[in-house]
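Presented below is the structure to which this report refers.
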Amino acid sequence: MRQSAVSFNADGLSFEGIVATPSDAPAAMPGVVICHPHPLHGGNMDNNVVLAVSFALVEEGIAALRFNFRGVGNSEGQHTHGEREHCEALAALEFLQSWPGVDRRRVGLVGYSFGTRVILANAALQKKAKAIALVSPSIEALEGSPLRKDKRPTYIITGGRDKLAQSAAWPSVLDTFAQRPGSHVDPRADHFWVGLEPGMAEKVGRFLAQHLV
């Protein structure tokens, strides 16, 4: 695996990120942008879930870009509680599409916790992705999302012990999607996935490898 520190611009600000690619990258590989959890609760691009997903994607032959939202690490700006964070996510997708070896027609999105809220709230961001995976999204974010009317491949994974995600309420919400997302509930996991990252990340990586073809 190769990892490269990168920077890109959006909304008049500069953002930092890391692009990870397979050591034997194919000529035209898929690419995925990963959106990290809540900045005000310690979330950043080096979060345990974000790193696990990044490594799993590379194992599947997919380039992965993880980045820091505004106000996190060396990314400029201030946190806006999800109002403007879609700007850097969009710019990250465009940046990855221009990365050498990435097929710009085969890009996807992964969000974890707050990162899922950024994705779920913005239709323009969703439309840039060929497939979307959501780790530990809230029921509220799912219920109010324009993604419910979209038929692009979507996968949702959460923990059965995650009080924020309320997995018991999922069936009725997922039934309202135009194309019902694939889903998995790990009964052992809470919101933070400590010690259970590999299995979760493998499922996310496998889904995206199947749909970014």
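Where a number appears in this text, it was derived from the coordinates with a stated rule and is not lab data. Quick caveat: nothing in here was measured; it's all calculated off a predicted structure. All Cβ positions, even for glycine, are placed from backbone atoms using ideal geometry, and neighbour counts span all protein chains on display.
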Subject >> Residue-wise HN-Hα coupling along segment 77-91, computed from phi with Karplus coefficients 6.51, -1.76, 1.60 (Hz; x: Gly, Pro) >> reply: x, 10, 4, 10, 6, x, 6, 10, 5, 5, 4, 6, 5, 4, 5
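Order by neighbour count: 192, 114, fewest other Cβ atoms within 10 Å first, most last. If you can, show how the numbers build up before the last one.
Numbers: 192 17, 114 24.
Exposure proxy ranking, most exposed first: 192, 114.
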Subject >> Estimated vicinal HN-Hα couplings, Hz - segment 20-29 in sequence order (Karplus 6.51, -1.76, 1.60; Gly, Pro = x) >> reply: 10, 9, x, 4, 10, 4, x, 5, 9, 9
Original post:
Taking amide hydrogens as modeled 1.01 Å from N in the peptide plane, which residues meet the under 5 Å criterion relative to residue 102, leaving out close sequence neighbours?
Top reply: 29
Original post:
When the Karplus curve 6.51 cos²θ - 1.76 cosθ + 1.60 is applied with θ = phi - 60°, which whole-Hz ³J(HN,Hα) does each residue of segment 95-100 get, with x for Gly and Pro?
Top reply: 5, 5, 4, 8, 6, x
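Normalised by the residues of the chain, what does the relative contact order come to in percent, with Cα pairs under 8 Å and at least six apart? All intermediate terms of the calculation are to be shown ahead of the outcome.
Details: 479 pairs, mean separation 42.6, N = 213.
Here the relative contact order equals 20 percent.
Give, rounded to the nearest 20 debye, the magnitude of the charge dipole that segment 2-211 has about its Cα centre when Lys and Arg contribute +1 at Cβ and Asp and Glu contribute -1 at Cβ.
Values: 21 positive and 21 negative charges, 128 e Å.
Dipole about the Cα centre, nearest 20: 620 debye.
Okay, helix-only estimate at 222 nm for the chain: each DSSP H run of n ≥ 4 adds -39500 (n - 2.57), divide by all residues, round to 500 deg cm²/dmol; what do you get?
Values: 7 runs with 62 residues, N = 213.
Per the formula, -8000 deg cm²/dmol.
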**OP:** With unit charges on the beta carbon (Lys/Arg positive, Asp/Glu negative), name the residue among 145, 86, 101 whose Cα is farthest towards the positive pole of the charge dipole of the chain.
**Re:** 145
Original post:
Under a point spin-label approximation (7 Å from Cα along Cα-to-Cβ), what is the residue 81-residue 27 distance to one decimal in nm?
Top reply: 5.1
Original post:
Per residue, how much space in cubic angstrom lies within the convex hull of the C-alpha atoms of the chain?
Top reply: 101
Original post:
Which of the aspartates and glutamates could a cross-linker span from residue 149 if the Cα-Cα distance has to be under 17 Å and same-chain partners fewer than 8 positions apart are dropped?
Top reply: 140, 175
